[in-house]
There are 2 protein chains.
Amino acid sequence: MRAGPSQEEVRKHNLGTLLRYVHMHGATSRAELTTRLGLNRSTIGALTADLIGAGLVSEAAPRETGRAGRPSLVVRPESGRVYAYALSIEVDRLRAARVGLGGRILEQYETERPRGMNAGEAVRPLARFVRTMRSGVPDDGRCVGSAVAVAGMVRREDGLIRLSPTIGWVDEPIGESLRSELDEFGPLSVGNHADVCALAEHARGAAVGSDNVIYLYGDVGVGAGIVAGGRRVHGHGGYGGEVGHMVVNPYGRPCSCGSRGCWETEIGEHALLRLAGRADRSGGEAVLAVVDAAMRGDSSAQHALRQVGDWIGFGVGNLVNIFNPEVVIFGGTLRDVYLGAAAQIRSRLNAVGLPACREHVRLRTPELGADAALIGAAELAFENLLDDPLVS
Amino acid sequence: MRAGPSQEEVRKHNLGTLLRYVHMHGATSRAELTTRLGLNRSTIGALTADLIGAGLVSEAAPRETGRAGRPSLVVRPESGRVYAYALSIEVDRLRAARVGLGGRILEQYETERPRGMNAGEAVRPLARFVRTMRSGVPDDGRCVGSAVAVAGMVRREDGLIRLSPTIGWVDEPIGESLRSELDEFGPLSVGNHADVCALAEHARGAAVGSDNVIYLYGDVGVGAGIVAGGRRVHGHGGYGGEVGHMVVNPYGRPCSCGSRGCWETEIGEHALLRLAGRADRSGGEAVLAVVDAAMRGDSSAQHALRQVGDWIGFGVGNLVNIFNPEVVIFGGTLRDVYLGAAAQIRSRLNAVGLPACREHVRLRTPELGADAALIGAAELAFENLLDDPLVS
DNA sequence: CTCCTTCGTTCGGTGACCGACCGTTTCGGG
DNA sequence: CCCGAAACGGTCGGTCACCGAACGAAGGAG
């Protein structure tokens, strides 16, 4: 409700808008910035001067204009000097990257995460990665923050992991632990894996330009990152998007959450492999093997894929009725399942979804691959800077 | 992405913020506005002067201060002079009201809506109501817009009703029709009934101060108005919130939408009355009768209420997992069902909802009663004014 | 080489907010 | 009844952000 000292707010807002533009769209000429931001040439000049002074962007003469007239200076983000650390804690991997302003991954490390590794143990290799990267950064480098994506339920206020069945954590204060290890590297944000991937695909992937997006991430469990009206939906405590525990089959199998017939018990990896008669195997390769087998005519694999595809379409239909999204993205191993069962999914979606809600829905696969979580975490880390470029 | 001519934007924003404050909180002293909005005394003075010049607010000496010092002038909305027309098309009623700035209903008319009345026929009595009200408005009155709430799926771009099973409409251009009849009364917005009720309860009812809210409205059908992060979720085409067609029971009864086991087939009025052995009756009184009978010990009514309450808790649990709301409000005849089956609902919700998602959820009944739709529609109509008070 | 186009820079102007100063209104004590 | 303290409104000069016009600079086309 506060309006604040609006003089500075205007400047801050315009600086943020300009910086966000080059962060999202890459190097941009001043002329284009003038038209895109609707600001005067003089103002764009002053804003870029400020940002150059802060070391956030640089200007250069353009290569070839092709048109008459004096060529416009090109403003580009200092993607080499200004960066954030992006971390990701996944089921079987720990990943860390240094991501430059503009979204480019500058360097990246990863290691296996053994089952049973707790939060304290996971922090150490991540911190080691960060310190390794830090030691190689030139002196003029500037870290503007860090963020970690975790495949679990993240309490927004402090980054506590309330519950992560796939990783096996309960009430692990990952935010606190990492902050105490990495307090020299700016503020640390903690985000849910699917949320962060949704952010990445919305910013730089399959959902660019769409303001109502559902990003589904599935492996053993299923979660969603939801963008509604251009803003992430995280709910009151930060636990929104737990679509994996939407009960779709009241008469279904028990779920680890205590309920039964949750969506993830019907469409998760375990369900697919069980239906395909391969319950002894697990992981992304096993899922891919089922899809491949179905392609090659294996009837039990086909049956499993049909069954799972049916439940996927069913749940997506429910979500489409609730959110009326423009895009639904299938990430994780759900991507492969989607590619193998697209017709089944679409058909069931059409049966469950109301015509008005489903008519403009596009079903997509991610464009960012395995780096989505890191790119999204970096976006999280950059948010402070983009909201107020000259602070700190 | 545009920043616009930010000089004017600042003024516009601050004028809107001040006007919105007195609109939401009622008459407020300049001193309090100064602290609440974080603006200088001089600025508040200038802003109120502008708004007084536009006839939107007035100032008056306060009654009794009780404290030392010169009393601060009280700024109050011109709720008598500045108003909007709010209309509501419900299953069996057509309602129209003139609502003053500040949210007070100044006058109100309503009439029955016979089953089978189409959109063209419904427009006429509504337009008549508006013209009747218009003729009684003093010459200095000023209409700033109108809005209509309709219990159906509203296409956002033009206000077409894509589908309303309860009212019995398909592709009725209610927006166009009303606009052509009422073009002299400013811009007309069209909103979904549940969305608009959610807006009302969020602004002036049971969800004040909560930024993550689900308002459930149920009679024969079930719909939801969803507020996430303080903003309404309407989806890409405007059709979000159709939770009534979330399928909760894949083996359930067929629904009018073509699917089966939709939430509204399990918790709608028809389900309750059928389970209670009163399928021959209908309407809100019949629902109330079942709840009363259950209170008095009628076992078939109790059984019906338990069954329906179970499914309500089930669906709310799903929604809680998806949205992690702070408040869930039960409106329509669902209010009575909730009051009669609260324990059952809570118990089932606790079984389906994840602990983290449900732990802070408050279940509530509406505070605005039957006027919620009109008050919410008025909020919709006032939005243009509050976004830019001095335009027009 | 010259003209035209396009852009960067500079500078004066407008508008919005702030802070200080002064006058006004109320309360409370002598 | 008078006077000081407290709280507030109004006025005025100052600062800051943006805009628009004027001028110079940098390329392309003939």
- Item | Out of B:E184, B:E121, B:E176, B:E201, sole residue that is closer than 28 Å to B:V287 by Cβ, more than 19 Å from the chain's Cα centre (by Cα) and part of a helix (DSSP H, G or I) | B:E121
- Of all residues in segment B:18-63, which are over 32 Å from the mean Cα position of the chain (by Cα), more than 24 Å from B:R81 (Cα to Cα) and more than 13 Å from DNA strand D (Cβ to nearest atom)? none
- Message: Here is a list: A:L15, A:L101. Which entry is buried (at least 21 other Cβ atoms within 10 Å of the Cβ), within 16 Å of DNA strand D (Cβ to nearest atom) and modelled with pLDDT of 95 or more?
- Response: A:L15
- Task: List every residue pair whose Cβ atoms sit under 6 Å apart, with the two residues 6 or more apart in sequence or on different chains, where the first one lies in segment A:216-234 and is within 15 Å of A:W263 (Cβ to Cβ) and more than 11 Å from chain B (Cβ to nearest Cβ) and the second, anywhere, is of a type in the set (A, V, I, L, M) and assigned to a strand (DSSP E or B).
- Result: A:L216/A:A224
- Query: Among (1) in contact (Cβ under 8 Å) with a residue 12 or more places away in the chain; (2) farther than 23 Å from A:P187 by Cα; (3) not hydrophobic (A, V, I, L, M, F, W, C), which single condition is A:S88 missing?
  - Reply: (2)
- Flag if A:G369 is free of Cβ contacts under 8 Å to residues at least 40 places away in the same chain and over 15 Å from A:A86 (Cβ atoms): no
- Name the single residue, out of those in segment B:199-222 being among the hydrophobic types (A, V, I, L, M, F, W, C) and out of contact with any Leu (no Cβ under 9 Å at 6 or more places or on another chain), that is farthest from B:T166 (Cα to Cα). B:V208
- Identify, please: which residue in segment B:291-301 is more than 12 Å from B:L334 (Cβ to Cβ) and touching a residue at least 24 places away in the same chain (Cβ under 8 Å) and is, among those, farthest from the other protein chains (Cβ to nearest Cβ)? B:M295
- Task: Sort out which residues of segment A:191-215 are among the β-branched types (V, I, T) and either within 14 Å of chain B (Cβ to nearest Cβ) or free of Cβ contacts under 8 Å to residues at least 40 places away in the same chain (or both), and write them in order of number.
- Result: A:V208, A:V213, A:I214
- Note on the structure: Among (1) more than 12 Å from DNA strand D (Cβ to nearest atom); (2) in contact (Cβ under 8 Å) with a residue 40 or more places away in the chain, A:E110 falls short only on (2)
- Failed item, numbered, when B:Y251 is tested on (1) facing chain A (nearest Cβ under 8 Å); (2) at positive phi: (2)
- Hey, B:V91 hits all of (1) more than 16 Å from DNA strand C (Cβ to nearest atom); (2) at pLDDT 95 or above; (3) farther than 19 Å from B:M24 by Cβ but one; which does it fall short on? (2)
- Message: Against the definition (in a loop (DSSP other than H, G, I, E, B) and either in contact with a Gly (Cβ under 8 Å, 6 or more places away or on another chain) or polar (S, T, N, Q) (or both)), how does B:V220 come out, yes or no?
- Response: yes
- Message: Going by what's in this entry, would B:G136 be described as touching a Pro at 6+ places or on another chain (Cβ under 6 Å) and under 30 Å from B:G80 (Cβ atoms)?
- Response: no
- Identity of the residue in segment B:61-85, within 16 Å of DNA strand C (Cβ to nearest atom) and either of a type in the set (D, E) or buried (at least 22 other Cβ atoms within 10 Å of the Cβ) (or both), that ends up nearest to the other protein chains (Cβ to nearest Cβ): B:V75
- Qualifying positions in segment B:271-280 - crowded, with 18+ Cβ neighbours inside 10 Å and at pLDDT 95 or above: B:A271, B:L272, B:L273, B:L275, B:A276
- Task: Collect the residues in segment B:12-60 that are near DNA strand C (Cβ under 9 Å from one of its atoms), in contact (Cβ under 8 Å) with a residue 24 or more places away in the chain and farther than 14 Å from B:L73 by Cα, keeping them in residue-number order.
- Result: B:K12, B:N14, B:L15, B:L39, B:T43, B:D50
- Looking at segment B:178-198, is at least one residue polar (S, T, N, Q), out of contact with any His (no Cβ under 7 Å at 6 or more places or on another chain) and at pLDDT below 95? yes
- Selected residue (only one of B:L334, B:L386 is assigned to a helix (DSSP H, G or I) and either in contact with a His (Cβ under 9 Å, 6 or more places away or on another chain) or at pLDDT below 95 (or both)): B:L386
- Among the residues of segment B:253-262, is there at least one that is within 22 Å of B:R335 (Cα to Cα) and of a type in the set (A, V, I, L, M, F, W, C)? yes
- Message: Can you pull out every residue in segment A:302-361 that is more than 14 Å from chain B (Cβ to nearest Cβ), within 23 Å of the chain's Cα centre (by Cα) and closer than 18 Å to A:G244 by Cα?
- Response: A:I329, A:F330, A:G331, A:G332, A:T333, A:L334, A:R335, A:D336, A:V337, A:Y338
- Query: For A:S88, are the conditions met, namely being within 30 Å of A:Y109 (Cα to Cα), surrounded by 14 or more Cβ atoms within 10 Å (Cβ to Cβ) and out of contact with any helix residue (DSSP H, G or I) (no Cβ under 6 Å at 6 or more places or on another chain)?
  - Reply: no
- Item | Failed item in (1) part of a loop (DSSP other than H, G, I, E, B); (2) away from DNA strand D (no atom under 13 Å from the Cβ), with A:G66 passing the rest | (2)
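The values are calculated or read from the model by the stated rules, or taken from the named source; none is laboratory data. All values derive from a computational prediction rather than experimental measurement. Note that we place each Cβ from the backbone using ideal geometry, even for glycine, and neighbour counts take in every protein chain shown.
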